[in-house]
There are 2 protein chains.
Amino acid sequence: MIRPPCTPKIILASASAIRAEIMRNAGITFSVNPTNIDEEPIKKKCLQKGRTTAQLVEELALAKASGLRPSGKEIIVGADQVLEFNGKVFDKPSSVQEARTRLIELRGQEHRLIGAVCILQKGANPWCHISTTKLRMRQFSDEFLRGYIEVEGEALTSCVGAYKFEGRGALLFDRVEGDFFSILGLSLLPLLSELRRRGALTT
Amino acid sequence: MIRPPCTPKIILASASAIRAEIMRNAGITFSVNPTNIDEEPIKKKCLQKGRTTAQLVEELALAKASGLRPSGKEIIVGADQVLEFNGKVFDKPSSVQEARTRLIELRGQEHRLIGAVCILQKGANPWCHISTTKLRMRQFSDEFLRGYIEVEGEALTSCVGAYKFEGRGALLFDRVEGDFFSILGLSLLPLLSELRRRGALTT
């Protein structure tokens, strides 16, 4: 049903468990081959050139996909996501303490998640989709925050906003605007559409 | 973290696996006690009185919650969802054949999911939240449909639109507008907010 015969293989160039889960849940057949890129030079270059956050995220997603060398007609899927707040761009917090500081900074405020998903394929133009979602964190109590950090622990460092919106992270919010899959880090419907266009899924 | 001490117990009066999963993922502690109500008299009454679809769904959600008799300050959560298309209201399809007919009818068209989640609690006013989401099914091929029905089988009869949007159902769509949790059948953020207001979750 999902893959017509003789279709290009799909490789997800991301170590993100939730991205793989989103694709698996939709019934896509694919393999995972995360690439390890050094993001710093890309960030520095984008900053020097005055690039927007969306352009930075696109660069990062493309760089991840470019880390794999397709031998044939494989479809390489890359993705990235950053958090934008008050003109600053945040990556994943590096410690639970940093996650705590971030949550306090975001509390009662609106922030944006900027995501990119891209496809690289030999002999075809690259494709990229950018998504923006807005989330408002509620004015949660210090007691709530203590409990939240205690329960989530190290997992807080695995997401840009120190929350998994598909899990307990939902408890942090009173308003979200935008696509759920994009919040989680992979804009599924645009990706499915492009995979169909490239003959990797039954239309 | 999630429940302050001496808080009211939460009971979900729904047999829906996805509703329980949504609440569980958000870290809510609750028990499940589905009620079995006869929906036909409610639908008939609403039709006779010229009620809107939103009013019908609210009645159905309240009826499910009313099926439980709270002994103390328990919070009873009820929920319902119907599909509206071309002025018609659809409940779950009763067979795979009916699901197939429905998918063909909805193909290439936009439909709406109307959902209600409500809370009943002794000595407090009932609370109800209504959600509307719009989904456009893409113009999928007959080949795709055959494969989709083959893979999903009897599961198609467990959802109003013959799709689980959180699973392979996403393959049916090219555009959705609205909250993901509401599409799945339980508007999580408004529910969390009301549970906090009633002291059932840490603020």
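Readers should treat all values here as calculations from the given coordinates under stated rules, not as data from a laboratory. Not measured: the values here are computed from a predicted model. Neighbour counts are summed over all protein chains in view; Cβ atoms, including those assigned to glycine, are modelled from backbone coordinates with ideal geometry.
Zone of B:ARG136 (label point 7 Å along Cα→Cβ, backbone N under 18 Å): which residues in region A:171-195? What the label zone holds, given the 18 Å backbone N cut-off, is A:178-180, A:188-195. A Gaussian network model of chain B, with springs between Cα atoms under 10 Å, assigns the largest mean-square fluctuation among B:GLU39, B:GLU143, B:GLU74 to B:GLU143. In chain A, the longest principal axis of the Cα atoms and the axis of helix A:53-66 are about 50 degrees apart. Taking label points 7 Å from Cα along the Cα-to-Cβ direction, B:THR203 and A:ARG24 give a separation of 4.0 nm. Helical content alone sets the calculated 222 nm signal of the protein assembly as shown at -10000 deg cm²/dmol, taking -39,500 (n - 2.57) per DSSP H segment of four or more residues and averaging over every residue.
Quick one: order B:PHE85, A:PHE180 by neighbouring beta-carbon count within 10 Å, fewest to most. Intermediate results must be reported in sequence, preceding the final value.
Numbers: B:PHE85 15, A:PHE180 21.
Listed from fewest to most nearby Cβ atoms, that is B:PHE85, A:PHE180.
Rounded to the nearest 20, the size of the Cβ-charge dipole of region A:10-197 about its Cα centre is 500 debye, with Lys and Arg at +1 and Asp and Glu at -1. Legend: ranking of residues B:GLU59, B:GLU150 from fewest to most surrounding C-beta atoms inside 10 Å; resulting order B:GLU150, B:GLU59.
Distance to the B-onto-A rotation axis is smallest for one chain B Cβ; residue and value in angstrom are B:PHE180, 2.
Sorting A:SER95, A:SER158, B:SER16, B:SER187 by the number of Cβ atoms found within 10 Å of their own Cβ, with the fewest placed first, yields A:SER95, A:SER158, B:SER16, B:SER187.
Here B:PRO41 yields copy-to-copy label distances, from shortest upward, of 7.5 nm, the label point defined as 7 Å from Cα along Cα to C-beta. Take the protein assembly as shown, drop everything but the C-alpha atoms, weight them equally and run the Debye formula without solvent; then report log10 I(q)/I(0) at 0.07, 0.08, 0.11, 0.12 Å⁻¹ to two decimals. Here log10 of I(q) over I(0) equals -0.36, -0.48, -0.89, -1.04. Translational diffusion of chain A, estimated by Stokes-Einstein from the Kirkwood radius over alpha carbon pairs at 37 °C in a medium of 0.692 mPa s, is 185 µm² per second. Cross-linked pairs B:LYS9/B:LYS92; A:LYS49/B:LYS134; A:LYS9/B:LYS88; A:LYS44/A:LYS134; A:LYS134/B:LYS73: Cα-Cα separations exceed 32 Å for A:LYS49/B:LYS134; A:LYS9/B:LYS88; A:LYS134/B:LYS73. Against the main long axis of the alpha-carbon atoms of chain B, helix B:188-197 sits at an angle near 10°.
By the beta carbon rule, with partners counted only under 4.7 Å, chain A holds these lone Cys residues: A:CYS6, A:CYS46, A:CYS159.
Highest GNM mean-square fluctuation among B:LEU184, B:LEU171, B:LEU113, for chain B modelled with Cα contacts below 10 Å: B:LEU171. Among B:ARG112, B:ARG19, B:ARG102, the residue with the largest mean-square fluctuation in a Gaussian network model of chain B, with springs joining Cα atoms closer than 10 Å, is B:ARG102.
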